[in-house]
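Reading through the structure tokens given below for one structure.
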Amino acid sequence: MLQIDNLSNEIAGKAILKGLSLTVNAGEIHAIMGPNGAGKSTLAYTLGGRPGYEVTGGSVAFEGADLLAMEPHERAAAGLFLGFQYPVEIPGVSNVQFLREALNAQRKGRGEAPLSGGEFLKLAKEKAGLLRMDMDMLKRPVNVGFSGGEKKRAEMVQMGILDPRLAILDETDSGLDIDALRICGEGINAIMRKPDKAVLLITHYQRLLDYVKPDFVHVLAGGRIVKSGGPELALELEQHGYEAVAA
């Protein structure tokens, strides 16, 4: 599904990723862990097409297509979802309005008919239920006045509605209490743990991986993946830190 080959990039002239390679197949969940400044969020933003992240080498194929040649909206329409560490607020725009416009824009990009208001509300209610969110929350402006946990749950509802093939989740566990962590973990599993989907889960800690069990764990350090293994690698990192494992 996703094939990253020797990817390098820079931000404002500073090299961040330095020859990163990774393969993610359909049906797999990959966790990316590593110290601060290793390039984890940079990888997510580069795959999502965020401006200012200049690719200087390598290639990325998504479903056989050149991902780097696509505009951000084309990547989204192709089935890529990027979850942010700090979801932004959009005053004056309700979650329902935002999500319906986003979904129908993607459907248009794929040549599909837009959903009617009734069809969309039925879908939104179903996905909100997975994250235990009341529909009244989705009528409020996007993330305005939301707690950290509510923002992440709303983002997982967005993921459920957009129904991506590949979800890249950048520190979804950041700022979550125990209950919100469990709910978000259960939501990720319900939405994305399917044979035709995949997840790239970026995290610092083992705690989210207690709920979303990865098939593979990778250590990213110095702009490269320096070690890969199974779920036991995350436990090793928790016990001994990155320096001992990546040495």
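Determine, yes or no, whether Val226 is surrounded by fewer than 22 Cβ atoms within 10 Å (Cβ to Cβ), in contact with a strand residue (DSSP E or B) (Cβ under 8 Å, 6 or more places away or on another chain) and in a strand (DSSP E or B).
yes
Residue-wise test of (1) among the polar types (S, T, N, Q); (2) surrounded by 15 or more Cβ atoms within 10 Å (Cβ to Cβ); (3) over 23 Å from the mean Cα position of the chain (by Cα).
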site: Val96; (1), (2), (3): no, yes, no
site: Glu119; (1), (2), (3): no, no, yes
site: Leu123; (1), (2), (3): no, yes, no
site: Lys127; (1), (2), (3): no, yes, no
site: Leu130; (1), (2), (3): no, yes, no
site: Val144; (1), (2), (3): no, no, no
site: Val157; (1), (2), (3): no, yes, no
* Does any residue in segment 11-26 that is over 12 Å from Gly223 (Cα atoms) come within less than 7 Å, Cβ to Cβ, of a residue that is basic (Lys, Arg) and outside any strand (DSSP E or B) six or more places away or on a different chain, and which pairs are these? -> Ala26/Lys197
* To do: Write out, first by first residue and then by second, each pair whose Cβ atoms fall under 7 Å of each other, whose residues are 6+ apart or on separate chains, and whose first residue, in segment 131-148, is over 14 Å from Leu121 (Cα atoms) while the second is assigned to a loop (DSSP other than H, G, I, E, B) and hydrophobic (A, V, I, L, M, F, W, C).
  => Asn143/Val88; Gly148/Leu176
* **Given (1) over 17 Å from the mean Cα position of the chain (by Cα); (2) in contact (Cβ under 8 Å) with a residue 40 or more places away in the chain, number of the condition Ser174 does not satisfy** => (1)
* **Single unsatisfied condition, Ala180 versus (1) in contact with a Pro (Cβ under 9 Å, 6 or more places away or on another chain); (2) surrounded by fewer than 21 Cβ atoms within 10 Å (Cβ to Cβ); (3) of a type in the set (A, V, I, L, M)** => (1)
* Asked: Would you pick out the residues in segment 1-22 that are farther than 24 Å from Glu243 by Cα and out of contact with any Phe, Trp or Tyr (no Cβ under 9 Å at 6 or more places or on another chain)?
  -> Ile4, Asp5, Ala12, Gly13
* Asked: Within segment 234-245, is even one residue within 21 Å of the chain's Cα centre (by Cα) and at pLDDT below 85?
  -> no
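The values are calculated or read from the model by the stated rules, or taken from the named source; none is laboratory data. Keep in mind the model is a prediction, meaning the values are calculated, not measured. Positions of Cβ are backbone-derived with ideal geometry, glycine not excepted, and every protein chain shown enters the neighbour counts.
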